[in-house]
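The block underneath contains the structure these notes are about, expressed in structure tokens.
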Amino acid sequence: MLRSTTRRRIVQAGLPVVALGLALSFTAAPASAAPTSAPSAGQAMTMNYTVNSDTGSKAMDAVKDAVKKAGGKVLSQYAEIGVTVAQSNSGSFAKDLRKAKGIDSVGATRTSEVGAPIAKPNGLEDDVTAYDASQKKVDPEPLEGSQWGNEVLQVLKAHAIEDGKPSVLVGDLDSGIEDRHEDLKANFNKDASVDCTQSGVPNTDEGAWRPTSSTHGTHTAGTIAAARNGKGIAGIAPGVEIASIKVVDDGGFIFPEYAICGFMWALDHDVDVTNNSYYVDPWWFWCKNDPDQGAVLESMTRAITYTQTKGMVNVAAAGNQGYDLAHKTTDSSSPDDSDPVTRDVNKNCLSVPAEIKGVITVSAIQQDLHKVNFSNYGKGKIDVAAPGVSVLSTIWNGSSYDQYGYLSGTSMASPHVTGIVALIESVKPGMSLKKITKKVYKTAVDTGCGGASGCEGDASYNGFFGHGIVNALNVVK
């Protein structure tokens with residue numbers, strides 16, 4: 001992939017699940033009266049904000065001065081995209097900063113106070129079904145016979161041609177990877193791994209990238225890159241390297257500053273493709289017309305788009321609400337870090353990262369190759385489909401590394417496609433993002449609606465399967 005000739009510098013100051021493409025279908029929390037932005041004027045809460053401005057070092061210096069004058073401090077800055085993450089306990093911080101010269105927009109990244117002991121109402125739904133050790137083992141990997149997705153995507157046949165080059169690096173933005181697992185340690189890249197959950201300030205302490213509350217990231221990592229080593233399972237691209245970019249905190253949240261840190265870290269550490277099995281909290285849909293949500297949406301769009309201009313491919317789960325993303329109506333689940341409120345949403349309200357232009361968005365299919373009921377859909381929103389029900393992969397349970405289990409969700413579909421992209425980059429190193437994306441689409445197996453209600457389009461492209469079900473053999477032969 002293409003790379004910048006100059007490396008980015010993060011400017012940072014000292015600091016004291018988005019619903020993941022989850023294992024279970026989504027249940028909306030009850031609606032109640034709640035503000036749509038936070039904090040209200042005069043309310044003293046320690047909050048994080050994204051600040052948008054011009055790019056470059058001079059603009060960053062000006063923002064830093066303005067943040068200080070408004071009663072805040074800078075946590076991190078990304079000069080290439082003109083985004084600053086700041087923190088303040090002043091209730092008028094955003095209002096005051098919006099008046100400063102050179103500031104495009106300012107938005108609170110959450111509605112709860114930083115450090116508040118909160119947990120997502122729908123949690124990290126890691127409802128793992130353990131692998132039954134009595135099941136018949138197969139060759140070449142003992143448990144590969146239970147990976148129905150590998151069979152559907154013709155993975156074993158693909159691996160006879162190409163199983164991934166170690167020069168290809170995948171970044172898994174998730175809840176952390178247990179890199180000591182027998183099926184992951186051979187392919188794990190420690191130097192490119194990080195924890196971004198401390199207000200978006202990178203933490204590279206030994207093991208900071210490991211899971212502390214969820215097996216979700218370890219599971220998605222196995223689907224992408226579990227080694228072909230005669231143990232357990234095989235990933236879609238078992239020869240590539242994988243890095244853990246931890247963006248899920250112990251409450252199960254992925255706040256915007258975590259995700260921005262994750263994308264920019266991945267680019268700065270030469271990641272070729274990222275997997276994103278989540279949506280960014282606390283808003284399921286970030287609406288452009290809200291001063292806070294609109295500003296944060298701009299910051300996240302800048303970060304994701306910038307990585308793509310540099311050649312990094314981003315793959316994302318469509319989500320598990322069984323919702324038509326092409327025809328939005330209401331949202332009763334946001335904000336999920338405080339009391340949610342029922343609100344109208346429309347095409348100007350986006351789920352991130354799935355609805356950011358250029359991201360490959362993935363719906364989930366079940367064993368009969370139909371779209372699973374919980375998978376989001378929508379013509380113009382879904383790019384491709386992949387297995388997302390009863391997916392067997394590596395898991396972590398806090399005590400034993402070398403375990404395997406089943407999860408379901410669009411979270412499990414997305415890493416199949418991430419592995420497909422990694423195979424393409426292994427076969428054709430240096431291929432542009434545009435050509436990679438086109439190859440993913442062209443090699444997918446056309447899958448029609450079959451008369452299913454709500455499915456718009458024909459077999460070549462529709463709202464359930466996008467361009468079709470991805471296929472590993474087609475991308476390598």
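Below are the figures for this structure:
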read-out: Gyration tensor (alpha-carbon) shape descriptor, the range 332-439, a/c threshold 1.5; value: oblate
read-out: Shape call, the range 262-389: gyration tensor on alpha carbons, a/c limit 1.5; value: oblate
read-out: Listed residue (PHE93, VAL51, ALA108) projecting farthest to the positive dipole end of the range 39-108, Cβ model; value: PHE93
read-out: Gain on full stretching of the segment that runs from LYS310 to ASP250 - 0.36 nm per residue minus C-alpha separation; value: 18.4 nm
read-out: Pairwise label distance in nanometres, GLU206 with ALA44, each label 7 Å out on the Cα-Cβ vector; value: 4.2 nm
read-out: Exceeding the 25 Å Cα-Cα cut-off - candidates LYS165/LYS310; LYS310/LYS435; LYS246/LYS371; LYS379/LYS435; LYS310/LYS442; LYS357/LYS439; value: LYS246/LYS371
read-out: Taking N as its residue count, the alpha carbon Rg of the range 58-191 over 2.2 N^0.38 Å; value: 1.70
read-out: Separation in nanometres of the label points that stand 7 Å from Cα toward Cβ, at ALA160 and GLU182; value: 2.7 nm
read-out: Ranked by how many other beta carbons lie within 10 Å on average, peptides 77-83, 428-434 from highest; value: 77-83, 428-434
read-out: Neighbour-count order for LEU173, LEU156, fewest beta carbons within 10 angstrom listed first; value: LEU156, LEU173
read-out: The chain: Cα Rg divided by the 2.2 N^0.38 Å rule of thumb; value: 0.92
read-out: For the range 39-108: rounded, prolate or oblate by the Cα gyration tensor [a/c cutoff 1.5]; value: prolate
read-out: Per-residue [θ]222 nm for the chain (sum of -39500 (n - 2.57) over DSSP H runs n ≥ 4, rounded to 500); value: -6500 deg cm²/dmol
read-out: Check: the chain dipole with +1 on Lys, Arg Cβ and -1 on Asp, Glu Cβ, in debye; value: 1520 debye
read-out: Computed lengthening from HIS370 to TRP148, 0.36 nm per intervening residue step minus Cα-Cα distance; value: 78.5 nm
read-out: For the chain, share of DSSP beta bridges that run antiparallel, in % to the nearest 5; value: 60 percent
read-out: Residues of type aspartates and glutamates that LYS438 reaches as a straight line, Cα spacing below 17 Å, ignoring anything fewer than 8 places off in the same chain; value: ASP272, ASP383, GLU425, ASP446
read-out: Least to most buried among LYS357, LYS288 (fewest other Cβ within 10 Å first); value: LYS357, LYS288
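FYI, it's all coordinate maths here, none of it is from the lab. In this text, all values refer to a predicted model and were calculated from it rather than measured experimentally. Using ideal geometry, Cβ is built from the backbone for each residue, glycine included, and neighbour counts are taken over all protein chains shown.
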